[in-house]
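Enquirer: Below: one structure in structure tokens.
The values are calculated or read from the model by the stated rules, or taken from the named source; none is laboratory data. Everything numeric in this text was worked out from a predicted model, so none of it was measured. Ideal geometry is used to build each Cβ from the backbone, glycine not excepted, and the neighbour counts take in all protein chains shown. Side chains included, ligands, DNA and RNA excluded: accessible areas come from the protein's heavy atoms. Shrake-Rupley method; radii C 1.70, N 1.55, O 1.52, S 1.80 Å.
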Amino acid sequence: MDRRVLLLALATFVTGTAENIVIGILPDIAGGLGVSIGLAGQLTAIFSITFALAAPLALLLTARFERKGAFTAALAAFLLCNLLAAASPGYGVLFAARIGMAAASATIALLATMLATELVDERMKGRAIGMIFMGVSGSLVLGVPIGMLVSSLAGWRSVFLALAALAAGVLIVCRLKLPDIGASRQGSPDYGTHLRSTPLASAQLVSILMISGHFVLFGYLSPYIADVLGVTGAGIVLGFVAFGVAGVSGGYLGGLAADKVTPRRAIVLVPAGYLAALLLIPFAAGTSLAFFPVMMVWACLSWMISPVVQSFLIATGPDTAEAGVSLNLSAMHIGVGLGTALGGVAVERVPIVYLPGIGAGLAALALAAAALAYRGAGRRTGMVV
């Protein structure tokens with residue numbers, strides 16, 4: 001694996017931390033700005049919404065520019081938005097800074113994925129994409145807890161200063177180490193052609209449904225563990241650490257699966273395994289000894305799907321690969337919002353123990369979409385999947 005892919009993964013680690021850090025320092029921000037917890041929480045919501053909308057637009061805006069230059073420009077914009085967040089005199093300015101931060105993050109994630117696939121040979125493309133997603137998942141395991149510690153020691157504004165400093169370091173090293181890749185060889189993205197392809201559109205649906213199924217439970221995992229297992233306090237913290245470690249490994253393993261068994265097979269195998277893990281969770285919920293290993297398998301498989309789907313999009317539709325990756329970044333955030341919203345409705349109307357079953361229903365739909373993608377890809381000619 002080209003070591004420069006690790007540098008790109010570090011960039012997505014920084015942006016992933018920026019996206020999720022507000023969750024960890026919510027009371028500090030609310031108290032510092034004199035706003036309610038609910039209003040401060042919208043700083044995370046606007047980030048996800050902006051990211052989902054910005055990813056396809058980012059490809060349109062950067063298609064004609066040299067990609068290394070566009071990538072470092074996005075890092076510079078991210079850096080400036082974090083400085084603005086740190087200096088924000090009130091909620092409105094911080095809200096605006098989060099919008100800019102999210103747009104820059106979407107551009108960074110998109111270009112990091114495409115640059116990573118350019119730096120490795122054909123046999124390593126899946127693992128290169130997996131490394132990018134390890135950066136994102138790693139931000140949840142390391143970035144958010146470190147950010148919470150920084151906030152407790154030096155205040156919430158220092159978190160954004162630290163992110164700006166880290167982005168500056170990544171930017172400098174990227175300017176020195178990354179090669180000039182050139183502009184996109186596909187020109188302006190052809191979203192219409194991509195979405196009219198049954199296997200490619202089905203693959204996008206796999207991401208939306210599987211991630212939705214994940215967040216139905218993950219968004220409410222803490223109260224689920226407390227209610228079903230009777231585990232609280234430090235036990236929940238350790239559970240989330242175990243979940244995060246499994247998730248980080250899943251990013252790489254998803255790319256490895258795409259490389260070893262082909263993206264076409266992996267796009268069916270991963271949702272099938274994920275569905276099985278969700279169905280096992282209620283049976284394993286009797287004791288912590290059984291529950292947490294099953295939970296880690298579930299976490300690992302949930303993070304495997306993104307590199308698998310993106311590898312499938314690149315292998316199955318090489319002519320619209322960049323359009324596919326940008327749309328998939330949006331699809332992932334749509335899945336997060338849909339699953340969290342559905343889980344929120346569910347916990348208000350049914351016992352929380354039903355959440356894995358609801359998630360499994362969405363995972364079953366994802367598996368059906370994966371089967372369509374598999375069959376459609378099999379009918380295409382002149383490709384390797």
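Enquirer: Once you place label points 7 Å from the Cα toward the Cβ at Leu80 and Leu60, how far apart are they in nm?
Expert: 2.2 nm
Enquirer: So, with +1 on the Cβ of K and R and -1 on the Cβ of D and E, and no other charges, what is the size of the charge dipole of the chain about its Cα centre, to the nearest 20 debye?
Expert: Its charge dipole is roughly 660 debye.
Enquirer: Over the range 229-385, what number does the Rg to Rh ratio reach, with both radii from the alpha-carbon atoms and Rh per Kirkwood?
Expert: Looking at the range 229-385, the ratio lands at 1.01.
Enquirer: Rounded to the nearest percent, how much of the accessible area of the range 1-86 (1.4 Å probe, protein heavy atoms only) is carbon and sulfur?
Expert: 70 percent
Enquirer: Hey, another quick one. Under the rule of -39500 (n - 2.57) per DSSP H run of 4 or more residues, summed and divided by the residues of the chain, what mean residue ellipticity at 222 nm is obtained, to the nearest 500 deg cm²/dmol?
Expert: -28500 deg cm²/dmol
Enquirer: Right, another one. Using the Karplus curve 6.51 cos²θ - 1.76 cosθ + 1.60 with θ = phi - 60°, work out ³J(HN,Hα) for each residue of the range 214-220 in order, rounded to whole Hz, and write x for Gly and Pro.
Expert: Whole-Hz 3J(HN,Hα) from phi for the range 214-220: 5, 7, 4, 8, 4, x, 10.
Enquirer: Ok, one more. Under a cut-off of 18 Å between alpha-carbon atoms, report the lysines in cross-link reach of Lys125, not counting same-chain residues fewer than 8 places apart.
Expert: Once the sequence-local lysines are set aside, what remains near Lys125 is Lys260.
Enquirer: How would you order 158-170, 286-298 from highest to lowest mean count of nearby Cβ atoms within 10 Å?
Expert: Put in order of decreasing packing, that is 158-170, 286-298.
Enquirer: Kindly provide the pair-distance distribution of the chain built from C-alpha pairs, with 10 Å bins from 0 and whole-percent values in order of increasing distance.
Expert: 5, 24, 34, 25, 10, 1, 0
Enquirer: Grab the Cα-Cα distance for Val345 and Leu53, subtract it from 0.36 nm times how many residues apart they are, and report the gain in nm with one decimal.
Expert: Residue separation times 0.36 nm, minus the Cα-Cα distance, leaves 102.7 nm.
Enquirer: Another question, if that's okay. Can you list the HN-Hα couplings for the range 272-280, worked out from phi with the Karplus curve (6.51, -1.76, 1.60; θ = phi - 60°), rounded to whole Hz and with x for Gly and Pro?
Expert: Working through the residues one at a time gives 5, x, 5, 4, 4, 5, 5, 5, 7 Hz.
Enquirer: At 0.36 nm per residue, minus the direct Cα-Cα distance, what do Ala154 and Ala45 gain on full extension? Give it in nm, one decimal, please.
Expert: 36.7 nm
Enquirer: What's the carbon and sulfur percent of the range 250-385's accessible surface, probe 1.4 angstrom, rounded to a whole number?
Expert: The C+S portion of the solvent-accessible surface of the range 250-385 is 70 percent.
Enquirer: Which whole-number value in Å³ per residue fits the convex hull of the alpha carbons of the range 285-343?
Expert: 85 Å³
Enquirer: Then there is this: Which lysines does Lys177 reach when only Cα atoms under 16 Å apart count, and residues fewer than 8 places away in its own chain are ignored?
Expert: Output for Lys177: Lys68.
Enquirer: For the range 303-309, in order, what is each residue's ³J(HN,Hα) by Karplus, 6.51 cos²θ - 1.76 cosθ + 1.60 with θ = phi - 60°, in whole Hz (x at glycine and Pro)?
Expert: For the range 303-309, the Karplus curve yields 7, 6, 5, 5, x, 5, 5 Hz.
Enquirer: Okay, moving on. How high is the relative contact order of the chain? Use alpha-carbon pairs under 8 Å, at least six apart in sequence, and give a whole percent.
Expert: It comes to 25 percent, rounded to a whole number.
Enquirer: Could you tell me how many cubic angstrom of Cα convex hull volume the range 167-308 has per residue?
Expert: 165 Å³
Enquirer: If you don't mind, there's one more thing I want to ask. Taking only protein heavy atoms into account and a 1.4 Å probe, give the accessible area per residue of the chain in Å².
Expert: 40 Å²
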